[in-house]
Amino acid sequence: MLNRVTLHNQIVVYQSRLFNSLGVTHAFSTRVGGVSPPPFQTLNLGNPQGTSQDSKENLRANMERLLAGLGMSDVAVATVRQVHGGKVASRRMQQQSSESSDRNLSYGLESQTQADAMVSDVTSVVLAIRIADCVPILLATDDGRIVAAIHAGWRGVLAEVVPHTITEINIMGVASARIIAAIGPAIGVEHFEVGPEVAEQFHTAGLGGMVKTIGYVKPHLDLVGAIKQQLRQCGITRIEGGELCTFANAGDFFSHRRDHGITGRMAAIIRPVCPQAGWCSVTPIN
């Protein structure tokens, strides 16, 4: 179970005990402690599509408040344009001297890089993905040196964004048994009704056990259960979280489905640990 934590500046987040034990700075944000007005009150970190939008100034102020609460006011933020697919963007320390080697890891809050996961071992960068019902997954190696942030809706699960991210970490030389996972707030099975065509795709993908029909008029989908199944199939057994429902807790969380699309976004953020004290360099947020 994740811990609910109120930071020194009154920002409320959820954190993993496992990651805290490694010294990995991370958080699953809530909607509490920001500056945005209704319907985005208050810690909004992203806009929905459509005409109802929060201001860019509010989004930036909220991200700065979140980072300040976590002691990361002086780091760069890496984001991606999330498209419900399986692509992974990455940045490695040995690529720092060669921008041409940068595999599409973009900086700032309005990235145009299309991906739904990021992997990094660059300690001057915090990874941030945004959610409002889809599942946020944070990964870290058991030494905290490599981290990942993943956004997975039902399309992302079928596109295997979680296994693709784990493969990227494996390529960086770390076995799956050394990876730890934390699953943040997401829509729970009780509130995630899907059509029969989506249910059929999950059966075809070997995830039919995550389609629930008993007690429901239409199929319901256990997204968190599907992700846990994929994590275990990839060899990851240390998994924390997954019990928090965005739809059911309007006080803490935004929910795209509950709020009919007019709502804000939370973030899941994570940063690698420094290999040695005093080694980290930092880059201001643009």
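Calculate the length of the line joining the C-alpha centroid of region 230-251 to that of region 137-202, in whole Å.
Result: 9 Å between the Cα centres.
Residues of the chain: accessible area per residue at 1.4 Å, in Å²? Don't skip to the answer; put the middle values down first.
Details: 11810 Å² over 286 residues.
Per residue, the chain has an accessible area of 41 Å².
Carbon and sulfur together cover what percent of the accessible area of region 18-83 at a 1.4 Å probe radius? Can you show the working numbers first?
Details: 1330 of 2690 Å².
Using a 1.4 Å probe with all protein chains present, region 18-83 comes out at 49 percent carbon and sulfur.
List every residue whose amide H lies under 5 Å from the amide H of Val135, counting only residues 5 or more places away in sequence or on a different chain, with H placed 1.01 Å from N in the peptide plane.
Long-range HN contacts for Val135: Ala152, Gly153.
Within 10 Å, Cβ to Cβ, of Val211, how many net charges do the neighbouring residues add up to if Lys/Arg are +1 and Asp/Glu are -1?
Values: positive: Lys212; negative: Glu200, Asp222.
Result for the neighbourhood of Val211: -1.
Aspartates and glutamates within cross-link reach of Lys56: Cα-Cα under 13 Å, excluding same-chain residues under 8 positions apart?
Within reach: Glu64, Glu110.
Take the chain, mark every one of the chymotrypsin sites (Phe, Trp or Tyr not before Pro) that falls in a DSSP loop and has at most 16 other Cβ within 10 Å, then report the longest stretch left between them, sites excluded.
Numbers: sites that count: Tyr216, Trp279.
The reported range is 1-215.
If we restrict to alpha carbons, what Rg and Dmax does the chain come to, in Å?
So, for the chain, Rg and Dmax equal 17.8, 58 Å respectively.
Checking the cross-link filter: which lysines have an alpha carbon closer than 24 Å to that of Lys218, excluding same-chain neighbours under 8 positions apart?
Here the lysines satisfying the reach criterion relative to Lys218 are Lys228.
Can you list residues whose amide H is under 5 Å from Ser90's amide H, if they're 5+ apart or on another chain and H is modeled 1.01 Å from N?
Sorted by chain and number, the residues that satisfy this are Arg103, Leu105, Val119.
Where does the chain land at 222 nm, in deg cm²/dmol rounded to the nearest 500, when only DSSP H runs of n ≥ 4 count, each adding -39500 (n - 2.57), divided by all residues?
Helices in the chain give a 222 nm mean residue ellipticity of -5500 deg cm²/dmol.
Around His26, under 12 Å between beta carbons, what's the net of Lys plus Arg minus Asp minus Glu among the other residues? Walk me through the numbers before you get to the answer.
Numbers: positive: Arg17, Arg271; negative: Glu240.
Residues close to His26 contribute a combined charge of +1.
Would you tally the net charge around Gly225, using a Cβ to Cβ cut-off of less than 14 Å, leaving Gly225 out, and scoring K and R as +1, D and E as -1? Can you show the working numbers first?
On the way: positive: Lys212, Lys228, Arg232; negative: Glu190, Asp222, Glu243.
Every neighbour counted, the sum reads 0.
Could you derive backbone 3J(HN,Hα) for region 213-227 from the dihedral phi with the Karplus parameters 6.51, -1.76 and 1.60 (θ = phi - 60°), listing whole Hz in sequence and x where the residue is Gly or Pro?
10, 5, x, 10, 6, 10, x, 10, 10, 9, 5, 4, x, 4, 5
Enumerate the calculated ³J(HN,Hα) couplings along region 157-162 in order (Karplus 6.51 cos²θ - 1.76 cosθ + 1.60, θ = phi - 60°), each rounded to whole Hz, writing x wherever the residue is Gly or Pro.
Calculated HN-Hα couplings, in order: 4, 5, 7, 6, 5, 5 Hz.
May I ask for the equivalent-ellipsoid semi-axes of region 3-79, computed as the square root of five times each C-alpha gyration tensor eigenvalue and listed largest first in whole Å? Walk me through the numbers before you get to the answer.
Details: eigenvalues 112, 34, 26 Å².
So the equivalent ellipsoid measures 24, 13, 11 Å along its semi-axes.
Tell me which residues come under 5 Å, amide H to amide H, from Gly188 once H is placed; ignore anything under 5 positions away on its chain.
Residues meeting the amide H criterion: Thr246, Phe247, Ala248.
The values are calculated or read from the model by the stated rules, or taken from the named source; none is laboratory data. None of these values were measured; they are calculated from a predicted model. Neighbour counts are summed over all protein chains in view; Cβ atoms, including those assigned to glycine, are modelled from backbone coordinates with ideal geometry. Heavy atoms of the whole protein, side chains included, go into the accessibility calculation; ligands, DNA and RNA do not. Shrake-Rupley method; radii C 1.70, N 1.55, O 1.52, S 1.80 Å.
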